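Scroll down for the structure; my scribbles are underneath it.
Derivation of every value follows stated rules applied to the coordinates shown; laboratory data play no part. Computed from a prediction, not measured in an experiment: that's the story for all the values here. Backbone-built Cβ (ideal geometry, glycine too); neighbour counts: all protein chains shown.
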Amino acid sequence: DIPELRNLVARARGMLTEGNDPSAMLKASVAHRSVDASTAQAAAASGTVMRWEGMRDAYLAWCKGHRSPDTHRGYRSALGAVPGSPLEADFKAIAGRPVTLITTHDLRLVRNSVLGRGNVDGKQVSNSNQARLSVAAMKAVFGWAVENSEITGLTQNPSTELKRAPMSSVSAYDEPDESEAPRALTLEELGMLVIGLEAARNHAARLAVLLQMMTGQRRMTIVRARRRAFLDHPTYGMIWKIGPDKSKKYRVLPLPDLAASAVRTAQAYGRSGNVWLFPQQRLRRKEDPGTGHMSERMLNEVMEELRAPGGPLESAPWAATHDLRRAFVTHMRPRATILGLGKDAVPMITRADEGREGLDETVYDQDPALPAKAMMLEEWDRLIKEGCARAEARLQRP
C-alpha cells in the first residue's frame with residue numbers, strides 16, 4: 001500500500017522533527033499495516049494512550065471516590081471488570097486495545113454479545129436490562145475519558161452514537177430466572193436449608209438468609225432493611241415497610257410466622273443503636289466507623305457453608321442466594337391460580353417497582369393489595385413448613 005507507506009514515512013519524519021523516536025511506531029506498522037493503528041499501538045506501549053482495561057480501571061477508581069457504592073459496584077459488573085463473569089467475555093471485542101482505536105462498531109459488538117446470551121430462537125427472553133446497563137456504563141466511562149484526555153489520551157468519544165439495547169420481548173410479569181442453575185430447589189431441599197440454618201456459624205447472616213427465602217426479595221433489599229421498617233399490625237402480625245426507592249415509591253409486605261420470627265430474633269440480637277436490622281460485621285477500611293449494614297456477601301458465605309459436601313444442601317451444589325428467590329417464583333406461580341389470584345400475584349411480592357408513589361407511612365396498612373400479599377406469603381410459609389417436615393422425615397430414615 002504505497003499511499004499508506006508514504007503516510008507512514010511522513011508521520012515518522014514529523015516525529016523526528018518534534019524530537020520523538022518513531023521506531024516503536026515503525027515496528028508496530030509491520031504487524032498492523034496501518035499508520036493510525038501503528039501510532040496508537042506505539043502510544044499505548046509508551047503510556048501516552050491507555051488501553052481499554054487501564055482506562056476502565058482508572059474510571060472505576062474515580063467512580064469509587066465520587067459516586068455511591070452501588071453505582072461503583074454496578075459499573076464494575078457492567079463493564080466486565082469482575083473476573084470470571086459472563087460479561088468479561090462480552091468485552092473481548094475491545095480487550096487490550098488502545099482506546100483511540102476503539103470504534104462505535106466495536107462497542108456495538110460488546111452490546112450485541114450481551115444480548116446474544118439472552119436470545120432464544122430469535123426471541124430476546126433475558127439480558128436486555130443487562131445490555132442497557134453495559135451501554136450506559138460504556139457511555140459513562142468514555143465520556144469521563146474524553147474529559148480527562150490528558151490522562152487517557154482519548155479525544156473523541158466512540159460511544160456517542162451507540163444506541164441502547166432494545167427492551168425484552170418477554171412480559172415483565174414473566175419473571176425470567178436469575179439463575180443458571182439446572183433446576184429450582186425442591187421443597188424438601190428448602191426444608192433442609194431451614195434445618196441447616198440452625199447450625200450456621202454466622203448467626204445474623206443466617207437470619208438474613210431465612211428472611212430472604214421467606215419473602216422472595218433480593219439480597220440487597222434484605223441487608224438494607226431498617227429496624228424501624230418492621231411494625232406490629234393487628235391483622236397481619238407484622239408488616240415490613242420497604243422503601244422509599246429512587247422514585248419515592250414504597251412497598252409493604254405482611255410477614256407470616258417464619259419471616260416474622262427471623263425479624264424478631266434479629267431485633268433481639270442486633271445493636272439497638274444501629275438503624276439497620278442486620279448491622280455491618282466487618283470494617284471495609286481502617287477509618288470505617290462501622291455503622292453500615294451487613295454486606296450482602298455474608299449471605300453468600302452462609303449458602304456456601306450449607307451446600308458444601310456433607311452439608312444440608314449438598315444435593316444442590318450450585319445453590320446461591322438468588323436461587324431462594326427463584327424457588328419462591330417457581331413454587332408460588334402455580335399456587336397463585338389455586339388461591340384465586342391473577343398472574344401479577346408473584347410479581348406483587350418480588351418486583352421492586354410494585355409500590356405506590358408517595359405512599360405515606362401512616363396509610364401503609366390501607367394498601368388494598370395487603371390481603372392478597374398475605375395470602376401468598378402465608379401459603380409460602382405453609383409450603384416451607386411442609387418442606388421442613390419432609391426433610392425431618394428424610395433425616396430420620398435409617
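Once both labels are modelled 7 Å past Cα along the beta-carbon direction, what's the residue 148-residue 337 spacing in nm?
The answer from the label model is 5.4 nm.
Would you mind checking 163/343; 27/163; 139/249; 163/249; 163/241; 92/163 for any pair whose Cα atoms are more than 31 angstrom apart?
163/343; 27/163; 163/241, as the Cα separations exceed 31 Å there.
Taking just the alpha carbons, could you work out the radius of gyration and Dmax for the stretch 222-313, both in angstroms?
15.4, 46
As an exercise, identify the trypsin sites (Lys or Arg not before Pro) in the stretch 219-280 lying in DSSP coil whose Cβ has no more than 14 other Cβ atoms within 10 Å.
246, 248, 271
State, to one decimal in nm², a quarter of the convex hull surface area for the C-alpha atoms of the stretch 105-146, i.e. the direction-averaged projected area.
3.0
Would you list the P(r) distribution for the stretch 202-260, with all Cα-Cα distances sorted into 10 Å bins from 0 and each bin expressed as a whole %?
Spelled out per bin, shortest first, that is 21, 57, 21, 1.
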